[in-house]
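*Asks:* Just dropping this structure here.
Every number in this text was worked out from the coordinates using simple rules, so none of it is lab data. The model shown is predicted, which means the values in this text are computed figures rather than measured ones. Cβ placement follows ideal geometry from the backbone for every residue including glycine, while neighbour counts extend to all protein chains displayed.
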């Protein structure tokens, strides 16, 4: 049975609920109707500090919930050091209680916590001024204040900040933050991000797997792919204007598409395809450019050649299969049995069920392997190549050519050479070659891909979409897998 509030505050039992790695004491009272009111007090006060003459009128026609901060009264956990942290706790409590719409009443410090709550995404859709009754109660209560509720967009504008999703340390969680608005350079295009595609590279960066070759300063806003609308252009930009719908993969060193806006070098962008949705456009840049640079530039794939593309149902594999077939190649791919029909529809000629079949026993004499898995899978892939064949890996290990072209310092170059020495020696012994590919941003190549998309030759595959507010959940879904194609977050 659902928990029912008591009619009056003094009759309400003190209960506890776990949230944000702590335990919070609270009392529920009033009418079980309408939008509930969260009642916040000063840091040093507890549930017994409230005067029923003050708090009972707040719940005459709705439910009210009074909550203790962590470490106060019946709540457990270390006391928070900032208003923002306390607001984060209250959001966790509100969610744990099952509410998706609330009002906030704050006394003293509780008013400041309420202000911080107003700036957080959880309450972004809930900014309604409270009724005249609440204003009357507020005026009658000494030093009480109803926290003013401002739209997050208004707060952002005043503070010159925007919402974004960042991580503070490697392996740490992705979380929302307010970060400075982008600075728009002479050759930059400021884009309002309507959709952002998620990639395995995002998760690998968060996990610290690429910190030696992509040394970013933390905290870091993640996100490489975007589709959106041009807001502003730099003084030297000629190909785009405000209002244009664009998409692209932001170059390394300037990533951060898990944000409301981003400044992008104009050469990284292209007009969105005319035949796709914005979410579909956002799913394409990184994987489509990777496929293009692997098959067209590095692989020089010709009609009749034999290609093995690993993980054909994934974001990269699903695009690479389509591009390889357009180039006239004979394509084999690995996938689960349940995805066999899907990858055949994309154009795969041979499907190897990696759960029941060994691709090394089934395939031989191949010209090119595109490997997105690395490790033992990459080593075994070398053995299905014909003499002179090539394996291209996008998950590593990096090779000396990459370290040299990336301008890494000599110490890191030595480390990178050591990382790939085993696989390069194995390749040389077999008479084949291995290359590491970390794709580069290119609006010019995206235009080539756009033409293929609009011609119906390449079809974007979006397996899951999430609202912008749920970007951390989307990254978790990406890591778990179990879907076709790409994950995209949208912020229309």
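*Asks:* To the nearest 0.05, what FRET efficiency results for residue 444 and residue 168 with a Förster distance of 41 Å applied to their C-beta separation?
*Replies:* Once rounded, the FRET efficiency stands at 0.70.
*Asks:* If you don't mind, another one. Please give, to one decimal in nm, the separation of the simple spin-label points placed at residue 275 and residue 303, each 7 Å out from Cα toward the Cβ.
*Replies:* Distance between label points: 2.1 nm.
*Asks:* Can you give the calculated 222 nm mean residue ellipticity of the chain, where each DSSP H run of n ≥ 4 adds -39,500 (n - 2.57) and the sum is split over every residue, rounded to the nearest 500 deg cm²/dmol?
*Replies:* That calculation yields -8500 deg cm²/dmol at 222 nm.
*Asks:* With axes computed from alpha carbons, what is the tilt in degrees of helix 83-96 against the longest principal axis of the chain, rounded to the nearest 10 within 0 to 90?
*Replies:* The two axes meet at around 90 degrees.
*Asks:* Moving to a separate point now. Treating the angle as unsigned and between 0 and 90°, give the value, to the nearest 10°, between the Cα long axis of helix 410-430 and the longest Cα principal axis of the chain.
*Replies:* Once rounded, one gets 50 degrees.
*Asks:* Rounded, prolate or oblate: which one fits segment 268-352, using the alpha carbon gyration tensor with axes a ≥ b ≥ c (rounded when a/c is under 1.5, else prolate when a/b beats b/c, else oblate)?
*Replies:* oblate
*Asks:* Listed highest first by mean packing, meaning other Cβ atoms within 10 Å per residue, what order do 451-462, 382-393, 104-115 come in? Please report the intermediate quantities before stating the final value.
*Replies:* Details: 451-462: 17.4, 382-393: 19.3, 104-115: 22.4.
Ranked from most to least packed, the peptides come out as 104-115, 382-393, 451-462.
*Asks:* Here is a follow-up. Report relative contact order for the chain in percent, whole number only (criteria: Cα-Cα under 8 Å, sequence separation at least 6).
*Replies:* Once normalised by length, the contact order is 11 percent.
*Asks:* Output the 0 to 90 degree angle, nearest 10, between the alpha-carbon long axis of helix 471-480 and the longest principal axis computed from the alpha carbons of the chain.
*Replies:* Compared with the principal axis, the helix lies near 40 degrees.
*Asks:* If a paramagnetic tag sat 7 Å from the Cα of residue 214 along the Cα-Cβ line, which residues of segment 459-492 would have the backbone N under 20 Å from that point?
*Replies:* Counting backbone N atoms under 20 Å from the label point, the list is 471-481, 485-490.
*Asks:* What list do you get for 49, 338 if you sort them by fewest beta carbons within 10 Å?
*Replies:* Ordered by Cβ neighbours within 10 Å, fewest first: 338, 49.
*Asks:* If you don't mind, there's one more thing I want to ask. To the nearest 0.05, how large is the calculated FRET efficiency for residue 459 and residue 61 if R₀ is 51 Å and r is the Cβ-Cβ distance?
*Replies:* After rounding, the FRET efficiency stands at 0.45.
*Asks:* Given points 7 Å out from each Cα along the Cα-Cβ axis, report the residue 108 to residue 10 separation in nanometres with one decimal.
*Replies:* The two pseudo-label positions are separated by 2.3 nm.
*Asks:* Cα gyration tensor of segment 344-461, axes a ≥ b ≥ c as square roots of the eigenvalues: rounded (a/c below 1.5), prolate (a/b > b/c) or oblate?
*Replies:* Taking the square roots of the gyration eigenvalues as a ≥ b ≥ c, segment 344-461 is oblate.
*Asks:* Ranked highest first by the average count of other Cβ atoms within 10 Å around their residues, in what order do 218-225, 470-477, 409-416, 171-178 fall?
*Replies:* The most tightly packed comes first, giving 218-225, 470-477, 171-178, 409-416.
*Asks:* What shape does the chain take by its C-alpha gyration tensor, where a ≥ b ≥ c are the square roots of the eigenvalues and a/c under 1.5 counts as rounded, a/b above b/c as prolate, and the rest as oblate? Before the final figure, lay out each step's value.
*Replies:* Numbers: a/c = 2.50, a/b = 2.18, b/c = 1.15.
Cα axes put the chain in the prolate bin.
*Asks:* Sticking with this one: What's the exposure ranking of 423, 262, going from fewest to most Cβ atoms within 10 Å?
*Replies:* 423, 262
*Asks:* Further question: Treat the count of other C-beta atoms within 10 Å as a stand-in for reagent exposure and order 245, 266 from fewest to most.
*Replies:* 245, 266
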